[in-house]
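The values are calculated or read from the model by the stated rules, or taken from the named source; none is laboratory data. Everything numeric in this text was worked out from a predicted model, so none of it was measured. Heads up, the Cβs are rebuilt from the backbone with ideal geometry, glycines too, and the neighbour counts pull from every protein chain shown.
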Amino acid sequence: MTPQVPELSIRRFLAIASAAATLLLVTVALGLTLGFQTRAQFEEVEASWSQYANVSEKKGIWISTIRGHLGYGGIIHNFKNFVLRQDPAYLKATRAQVARFNAVMSDFLASDLLPGEADALDRIARTIAAYEAKIPIAARAAREGWAPARTDALVRVDDSGAIRALAELESIWHDHQSRSSARIEAAVRQGRQLIWIGFLSLFALVLAASVIGTLLVILVRNLRGAVARLEAELVERRRLERAQSRLAAAVEQSPATIVMTDTDARIQYVNRKFQDMTGWTLPEIIGRTPAFLQSGDAAPGLYSELRKTLSRGETWHGVFRNRCRDGSSYWAETTILPLVNPAGEITNYIGFGEDITEKRQVREQIVRAQKLEAVGQLAGGVAHDFNNILTTIVGAAHLAALDAEPDSDLGKEIGQIAIAARRAQSLVQELLTFARREPGRLQPVILSQIVDEVVNLLRASIPPTVALEVATASGNTAVLGDPTHLHQVVMNLCRNAAEALGGDEGTIRVNLDHHDRLDNCELRADGWVRLSVSDDGPGMSAQTRAHLFEPFFTTKPLGKGSGLGLSVVFGLVDEMHGHISVESTPGQGSCFTVDIPATSLSAQSVAMAAAAPQGGHEVIMVIDDEAEIAGTFRRVLLRLGYRVEAFTSPLVALERFRAKPQRYDLVISDMVMPGMSGEDLVAHIRQMRPTLPVIFCSAYYPDSANEDDTGPILMRKPVDPVQLAHRIRNLLDA
């Protein structure tokens, strides 16, 4: 029996060894199986996460970009705004966005497409292509001024299919994201199941293989920790993705420009607003410094001060005029600040810019309006005194011309004085008209006589190298306008042509024609009178023509022009319900065309100015607080045979009139005088003599003044002695 003991022991040992070996093999096999399955789950999680992070994220960005092009501020929105408002800025934005849309579509189509994505992208692309095809029609409509309703009917595109396609595209993307997330979650769940399987297996084998069990427990514990960390990381990544998506949307849709650079000022990021405002695309910007935006008009030392401020870790505020890609510029109120990491080191610089171009333009317009108001106040204050001086000069020149031989040197010099006085009068009228302190009174005027008068004045002042040709129609040239303002229009246009020629040889042509109807004017029963003034000077560029009628715009050197002449002409022609246009080509001269409404009414007031003045023997009272003017009127009227009593005080004149109210046949009075105004003086006089003829000679236009002979009439200073004589004679004869 003893041999059986070792045999039993051997058998038991072999059984135990066999059991142990079996358990070991089972443990090893189980461990290998769990290891391979666990590794497979990790690879599945990794593959699912890679697909989720790389493919879905890019497609999400592309879909967000496409949504932006289809939504507010996108291609369709800007295209419709251009159709309705015909603002070139919307057309420009539409074309730029179409180019960016096509780039995004190319990237999207080059990726691995999911079922249904290609069809949705194709429908969206066809809709955008339809809008792109309508752009030339909309541009033509804007150029030709079509009605928005007509344009909308021609360019309308049904974009509902694109909207549905975008929704389908987003749905496919969300489904793909959901499937990717589901794969990750399934892998995690399977990992959990493996954990429990391993735990139960290890619990069953712990008595036989404690070492293996311990190792497996440690392995399982580590696996559980890894899976838990993976779950936590997945949750955190989802939260960060949502936060990043919101932040990216806020930055991209910000109304302010945002630029981020590194510490060497190399641009790393710009938002969509920056690209839209400057016209530069992202690939053209990344890696460059902001120097390409500089317009060149920054103050010296501005950029060095900016760098010093940022290097100190401080925020910089200022205003730049930045240059766009197309050469235009815009004003941006900019804030630049350094970005600091937790260690206190500057890692980046970020700049925020607000477009203040419109604000600056409004501010400049306010300043310009204030300047114009100052000019108007200056004109109103100076005109009275200056016209009083001109009245004395014109009257004295008239009296001197009566005594001088017509062809003598003295007569010519006196004629030059009269021409200079008329020029000064025209300049004052320009200022008063520009400031709208001298309203015009529309009446029948023979325009051909105005042209002849201006041409006679102009011949004495232009160089002999300039030929002056006048062609006046033989028909009706009577127009409905203000005589003084018509004189200003003709004089300014002729003088502008003479200044364009300068001292060079050339020809000024003045044409006057009557037309029953004109293409660019409405139909009138009396027709139109067309005045054209042309020269063969250097001509003008398109840019100059665009600003030609703006106040204070001039191409002449400093001190050679005020910039008011053509702006005054434009205002006067518009006030007379006329039209003015200009045709000019560099090197081929210029031609100004003025169309003024014709009239069939009589224009005797202009015709009588050409007749010789007649005098008389009546008694005339003259009142003007300027002794020189009162004396000038007295000398002129005495030469015509009238008996004249002149006064510088309206109170003294009123007392003299009360003493002998029947002695005087006519009263000539200034409007603005110390002690009593001309209107008050005439009111007292007409209480005693209601029908006494009265003439106001003033630079101001009272409400009570008339242009006919039924009441107190006004003659603007400086008064032409010949016209004064005609007016007096007509009033006395009436």
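Listed values, structure above:
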| quantity | calculated |
| --- | --- |
| Failed item in (1) more than 21 Å from residue 442 (Cβ to Cβ); (2) crowded, with 20+ Cβ neighbours inside 10 Å, with residue 486 passing the rest | (1) |
| Subset of the stretch 140-158 [surrounded by 16 or more Cβ atoms within 10 Å (Cβ to Cβ) and not aromatic (Phe, Trp, Tyr)] | 141, 142, 151, 155, 157 |
| Test: residue in the stretch 50-61 that is modelled with pLDDT under 65 and of a type in the set (A, V, I, L, M, F, W, C) | yes |
| Search result, residues across the stretch 581-594 that are buried (at least 21 other Cβ atoms within 10 Å of the Cβ) and in a strand (DSSP E or B) | 584, 590, 592, 594 |
| Leading residue by the ranking (nearest to residue 453 (Cα to Cα)) among those in the stretch 478-493 that are among the β-branched types (Val, Ile, Thr) and outside any strand (DSSP E or B) | 490 |
| Some residue of the stretch 120-128 being in a helix (DSSP H, G or I) and farther than 22 Å from residue 60 by Cβ | yes |
| The listed residue being over 57 Å from the mean Cα position of the chain (by Cα) and modelled with pLDDT under 90, out of 658, 639 | 639 |
| Count - residues of the stretch 564-590 that are at pLDDT 80 or above, among the hydrophobic types (A, V, I, L, M, F, W, C) and farther than 22 Å from residue 442 by Cβ | 1 |
| Looking only at the stretch 430-459, and only at residues there that are polar (S, T, N, Q) and touching a strand residue (DSSP E or B) at 6+ places or on another chain (Cβ under 8 Å), the one that is modelled with the highest pLDDT | 448 |
| Subset tally (residues that are surrounded by 18 or more Cβ atoms within 10 Å (Cβ to Cβ), part of a helix (DSSP H, G or I) and β-branched (Val, Ile, Thr)) for the stretch 266-320 | 2 |
| Of all residues in the stretch 500-550 being of a type in the set (S, T, N, Q) and assigned to a helix (DSSP H, G or I), the one that is modelled with the highest pLDDT | 544 |
| Number of the exception - residue 614 against (1) closer than 13 Å to residue 728 by Cα; (2) at pLDDT below 90; (3) surrounded by 15 or more Cβ atoms within 10 Å (Cβ to Cβ) | (3) |
| Verdict on residue 155 being closer than 25 Å to residue 273 by Cα and within 36 Å of the chain's Cα centre (by Cα) | no |
| Selection count where residues are touching a residue at least 60 places away in the same chain (Cβ under 8 Å) and either aromatic (Phe, Trp, Tyr) or farther than 20 Å from residue 277 by Cα (or both), scope the stretch 306-338 | 0 |
